[in-house]
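A.B. asks: Handing you a structure now.
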Amino acid sequence: MPFPTPPPILTGMNGLQFRKSVQAIKPYVPGKSIEEVARELGVNDIIKMASNENPFGCPVTAEQLAPHIQRGSYYPNVATTPLYEKVAELHGVSEKQLVFGNGSDEILMMLGQVFLSSDTHAIFSQHTFSEYEFVCRVMGASFTSVPTRDYTYDLQAILYAIREETRVIFLANPNNPTGLLISRQTLDAFLSVVPDWVAVVLDEAYAEFVTSPDFASGISLLDKYPNVIVTRTFSKLYGLAAFRIGYAVTAEETVTQLHKVRQPFNVNQIAAMAAVHALDNAAFIQRTLENNEMGKRYLYSILEKLGLEYIPTEANFICVQLPFSGKLAFENLLKLGIIVRNLASFELPNAIRITIGLTAQNERLGTALKSLLSRG
Ligand SMILES: Cc1ncc(COP(=O)(O)O)c(C=O)c1O
């Protein structure tokens, strides 16, 4: 019996039936790595100020991880590590309110899996982290990207975008790539009017860097708003981006659903133990935060001297406006051995994002920017 022929619109190039929403996804292009640039330019002295990684590197030693590498033939079991206990204590929540992921990226995808499908809708803002749109597309959900006002979230417009099918609102706080914050009061006022059947994901990947007294982590609002889901990461402050570990803090009922879609061995034992050691390394955490403040002030002063506009940041990066394209700046800084993030894909074509680095790195960037501007 002949099989029915599928409608051609659903057919991929090789005749297979890829989902339409997947075909529409533009593959994620990560920032260039130091190794890649070194190979392309044939130089060694390269600094990466592009992906908001910790400029001090990794706080965990090979020695600390050696026993866990030796046990690498066994499947991991994060529950046997002190990680749940430590993170629960850190935030003053119950262990049942936590779920860990292979980076907070995986948590965001798990949230998509529990909330989104082709008949549902999600909301996020313009000029924000690309993962939210990616999750919606993978899940085949429709979405609204709400325009910002002067780069700031337009929370009123986000509320207006809520409809019957809306299941999730994604908000990075502070936002990437602007470094802007939703203040405690504004967040509380917003959450008080979001319907309780809409999940509000507060992506707090950079929360530890916030210095503004106006900030309230969503974690402190969980009792009042059980529809809030906070995501956090070990990739930034804790210097463990390569290990891939992040987590959600939310209501127990939501955690139960997230565990259902979680791959059984999604977080490996080495990453979990690295996270435990990183949490214990108070000196590294303090050094990172102090350096971030110092670097921020230094870069602000350089940018001001150069007459460049920037958005004051609450994170470990600065969004800088340029009199030319971010692509041009990216390419020219690359030639000088400095990798920054061109923000064209964030709909900010004349901007770059600079991760705050170590003193010498910030100085080198300052000199490079100066020579770039003097060339006109
Ligand atoms: C706002 C935001 N959320 C989440 C992530 C992902 O972090 P992770 O390394 O935990 O997947 C990033 C990474 O850059 C980010 O900027």
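The values are calculated or read from the model by the stated rules, or taken from the named source; none is laboratory data. Bear in mind the structure is a predicted one, so any value in this text is a computation, not a measurement. Neighbour counts are summed over all protein chains in view; Cβ atoms, including those assigned to glycine, are modelled from backbone coordinates with ideal geometry.
A.B. asks: Go through the stretch 200-239 and report how many residues are more than 12 Å from residue 184 (Cβ to Cβ), part of a loop (DSSP other than H, G, I, E, B) and either of a type in the set (S, T, N, Q) or within 16 Å of the ligand (Cβ to nearest atom) (or both).
C.D. replies: 11
A.B. asks: When you scan the stretch 52-103, how many residues do you find that are outside any loop (DSSP other than H, G, I, E, B), within 21 Å of residue 281 (Cα to Cα) and not hydrophobic (A, V, I, L, M, F, W, C)?
C.D. replies: Total meeting the criteria: 10.
A.B. asks: Only one of (1) of a type in the set (A, V, I, L, M, F, W, C); (2) in contact (Cβ under 8 Å) with a residue 60 or more places away in the chain; (3) surrounded by fewer than 19 Cβ atoms within 10 Å (Cβ to Cβ) is not met by residue 369, so which one is it?
C.D. replies: Every listed condition holds for residue 369 apart from (3).
A.B. asks: Tell me, yes or no, whether the stretch 341-348 has at least one residue that is crowded, with 19+ Cβ neighbours inside 10 Å, of a type in the set (S, T, N, Q) and not in a helix (DSSP H, G or I).
C.D. replies: Looking for residues that are crowded, with 19+ Cβ neighbours inside 10 Å, of a type in the set (S, T, N, Q) and not in a helix (DSSP H, G or I), one finds at least one in the stretch 341-348, hence yes.
A.B. asks: Take the residues of the stretch 148-170 that are closer than 17 Å to residue 319 by Cβ and touching a strand residue (DSSP E or B) at 6+ places or on another chain (Cβ under 8 Å): which is surrounded by the most Cβ atoms within 10 Å (Cβ to Cβ)?
C.D. replies: First, the residues of the stretch 148-170 that are closer than 17 Å to residue 319 by Cβ: 148-153.
After this cut, where a residue has to be touching a strand residue (DSSP E or B) at 6+ places or on another chain (Cβ under 8 Å) as well, the list is 148, 151, 153.
Values: 148: 18, 151: 18, 153: 26.
Across the stretch 148-170, the extreme among qualifying residues is 153.
A.B. asks: Let me ask something else about it. For residues in the stretch 224-247 being polar (S, T, N, Q) and under 15 Å from the mean Cα position of the chain (by Cα), which is farthest from residue 59 (Cα to Cα)?
C.D. replies: 231
A.B. asks: Restricting to the stretch 117-135, name every residue that is more than 12 Å from the ligand (Cβ to nearest atom) and part of a helix (DSSP H, G or I).
C.D. replies: 133, the sole residue that qualifies.
A.B. asks: While we're here: Just one of 138, 114, 99 is among the β-branched types (Val, Ile, Thr), within 14 Å of the ligand (Cβ to nearest atom), in contact with a helix residue (DSSP H, G or I) (Cβ under 9 Å, 6 or more places away or on another chain) and modelled with pLDDT of 95 or more; which is it?
C.D. replies: 99
A.B. asks: While we're on this one: Residue pairs, Cβ under 7 Å, 6 or more apart or interchain, first in the stretch 152-178 and farther than 18 Å from residue 140 by Cα, second of a type in the set (D, E, K, R) and surrounded by fewer than 24 Cβ atoms within 10 Å (Cβ to Cβ). List them.
C.D. replies: Partner pairs satisfying both residue conditions: 173/204; 174/314.
A.B. asks: Any residue at all in the stretch 264-286 that is outside any helix (DSSP H, G or I), in contact with a helix residue (DSSP H, G or I) (Cβ under 6 Å, 6 or more places away or on another chain), β-branched (Val, Ile, Thr) and surrounded by 13 or more Cβ atoms within 10 Å (Cβ to Cβ)?
C.D. replies: Yes, that holds for at least one residue.
A.B. asks: If I filter the stretch 232-246 for residues that are surrounded by fewer than 16 Cβ atoms within 10 Å (Cβ to Cβ) and farther than 25 Å from residue 129 by Cβ, do I get at least one hit?
C.D. replies: Within the stretch 232-246, none of the residues are surrounded by fewer than 16 Cβ atoms within 10 Å (Cβ to Cβ) and farther than 25 Å from residue 129 by Cβ.
A.B. asks: Another question, if that's okay. I need the full set of residues from the stretch 153-186 which are within 16 Å of the ligand (Cβ to nearest atom), under 19 Å from residue 215 (Cβ atoms) and either in the same structural domain as residue 313 (by TED's automatic domain parsing) or not in a loop (DSSP other than H, G, I, E, B) (or both), in order please.
C.D. replies: 169, 170, 171, 172, listed by residue number.
A.B. asks: Identify all residues within the stretch 66-109 that are more than 24 Å from the chain's Cα centre (by Cα) and aliphatic (A, V, I, L, M); write none if there are none.
C.D. replies: 66, 69, 79
A.B. asks: So is residue 360 within 23 Å of residue 290 (Cβ to Cβ) and either small (Gly, Ala, Ser) or in a helix (DSSP H, G or I) (or both) or not?
C.D. replies: Yes.
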